[in-house]
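Inspection log for the structure reproduced underneath, given as C-alpha cells.
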Amino acid sequence: MKREVMVIGGGVVGCLTAMALTRQGIKVTVVDRGVLGAEASWAGGGILFPLLPWDYSETVNELALAGAAIYPLLAEELITTTGIDPEYTVCGMRVLSHFDAAVAQQWCTTHGVSAEFQDDSLWLPQVAQVRNPRLIQALRQWLEIHGVILKEHTQITTLQTQSNRVRTLQTSEGESLSADRYVITAGAWSKPLLGTYALESDLRPMRGQMLLYKLPIGTLQHILYSDDFYLIPRRDGHILAGSTVEDVGYDKSTTPQAAADLQRKAIRLLPALASCNPIAHWSGLRPGSPDNKPIIAKHPVLENLWLNTGHFRYGVTMATASAQMLLQQMLASSG
Ligand SMILES: Cc1cc2nc3c(=O)[nH]c(=O)nc-3n(C[C@H](O)[C@H](O)[C@H](O)COP(=O)(O)OP(=O)(O)OC[C@H]3O[C@@H](n4cnc5c(N)ncnc54)[C@H](O)[C@@H]3O)c2cc1C
C-alpha cells in the first residue's frame, strides 16, 4: 500500500496511527485544527491500565493490555530517536476500596496480571504510566524526523464525497486537501466531523477535570486509586488528582465544584496534600463511546475512509495497539 494517507486529528491516536503508517513507507499528512496533542491527549492522566479492568468487556481489556505492552519499546525508541523521554514508568497501582476481591483475583489470574492482596487493598505492581505532554512532544518529533507532514491550525469542516469515496476535505480557510486514503482520529469531535456519515455511531464528548499538585519528589511513589478517583505521581514530584466524568457536551470549562470535590478526595487519599494548594486545574473532552469500545474500522459506506476513534477513558493506553489494528486492516484492504 504505497498510497498517500491523510490523518485527521493529531492527538495520541492520530500520532500513533501516523507512526504505524509511516513505518510501512507510506506518505502521511496529519491535519489538526489546533496544535498536535493539545486536547484530551494532553489533559489525560497517562495511566496505562483500565482502572478496574474486571468491570470492562474482554474487547476493552484485550486492547488495553496489548496497548500497554507496546509502551516499553515505544518509549525506548522515542528516547533514542528524539531525545525526549515520555517518562514511561512502572510505578504500580494500589486499589484501596470498593472492589470485589474474588472477582479481581480471578481476573488477574486469568489475564496473567500480578496482584497482591494486602489487608483491604489490592497492589498491582505492573501498572505503568507515561507523562502525556512529554509523550506528545516525543511523538511529534518522531513524526517530523520521519518526514510526516504536520498541518496544524487547519480545521476540516466537510468531507466532500463522490461515488462512495472521500474526494477532498474542505478546511475552514476554504482550502481543499486530498489524499488517496483518510483516517479520522478526531477524538471527541469525530462525530460532528463525519456529519451524516457518522451513521448510527454513538460517540459523545465526556469531560474530565483534573487537579495538579507539587510535593517533594518521592512523597508518593505509586498510583493510588479509590472509588473512581486516583492520584498519579510524576517523577519530579507533581501529583495529578482526577478525574470527573461529565456528560456536558463540548463545554471544556473547569468548575469550582469539581475542584472542591477533587481536592477533598485527594486529601482523604493522601493527607500530605492538605498542606498545599493545587497549582493547576484543567479539563479535557474524552471521546466517549458505549462501553468504552473504540471504533477501529473501515467506514461502512465511504471506501477510502477509516475510523480510529472513541477510545473514551483509555485512549493513551489503547492507542498503540489500536494503531496496529487499523494498519492491518488498511494493508489488507484494496479500497
Ligand atoms: C481527565 C482525563 C484523564 C484521562 N486519563 C487517562 C489515563 O490515565 N489513561 C488513558 O489511557 N487515557 C486517559 N484519558 C483518555 C485519553 O486521554 C483519551 O482517550 C485520548 O487522549 C483520546 O485521544 P484522541 O487522539 O482520540 O483524541 P484527542 O487527544 O482529543 O485528539 C483529537 C484531535 O483532533 C483534532 N480535531 C478535532 N476536530 C478536528 C477537525 N475538524 N479538523 C482537524 N482536527 C480536528 C483536535 O484538535 C485534537 O487534537 C483521560 C482523559 C481525560 C480527559
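For the reader, a short list of remarks on this structure follows.
- Here is the figure for region 253-299: residues that are away from the ligand (no atom under 13 Å from the Cβ), assigned to a helix (DSSP H, G or I) and not hydrophobic (A, V, I, L, M, F, W, C) total 11.
- The single condition from (1) free of Cβ contacts under 8 Å to residues at least 12 places away in the same chain; (2) within 14 Å of the ligand (Cβ to nearest atom) that residue 144 fails is (2).
- In region 50-95, residue nearest to the ligand (Cβ to nearest atom) [restricted to those that are in contact with a Leu (Cβ under 7 Å, 6 or more places away or on another chain) and closer than 13 Å to residue 319 by Cα]: 68
- Condition met for residue 190 (out of contact with any His (no Cβ under 7 Å at 6 or more places or on another chain) and part of a loop (DSSP other than H, G, I, E, B)): no
- Figure legend. Inter-residue proximity from region 185-211: first residues closer than 15 Å to residue 286 by Cβ and away from the ligand (no atom under 13 Å from the Cβ), second residues at pLDDT 95 or above and part of a helix (DSSP H, G or I), beta-carbon distance below 7 Å, spacing 6+ or different chains. Indicated pairs: 202/290.
- Unmet requirement for residue 302, which otherwise passes all of (1) more than 8 Å from the ligand (Cβ to nearest atom); (2) touching a residue at least 40 places away in the same chain (Cβ under 8 Å); (3) part of a helix (DSSP H, G or I): (3)
A quick yes/no check of all residues on (1) surrounded by fewer than 16 Cβ atoms within 10 Å (Cβ to Cβ); (2) at pLDDT below 95:
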residue: 80; (1), (2): yes, no
residue: 117; (1), (2): yes, yes
residue: 144; (1), (2): yes, no
residue: 156; (1), (2): no, no
residue: 166; (1), (2): no, no
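- If the condition is being near the ligand (Cβ under 6 Å from one of its atoms), over 17 Å from residue 141 (Cβ atoms) and not in a loop (DSSP other than H, G, I, E, B), then region 6-45 contributes 8, 13, 31, 40, 43.
The values are calculated or read from the model by the stated rules, or taken from the named source; none is laboratory data. This is a predicted model, so every value here is computed, not measured. All Cβ positions, glycine included, derive from the backbone under ideal geometry; neighbour counts span all protein chains shown.
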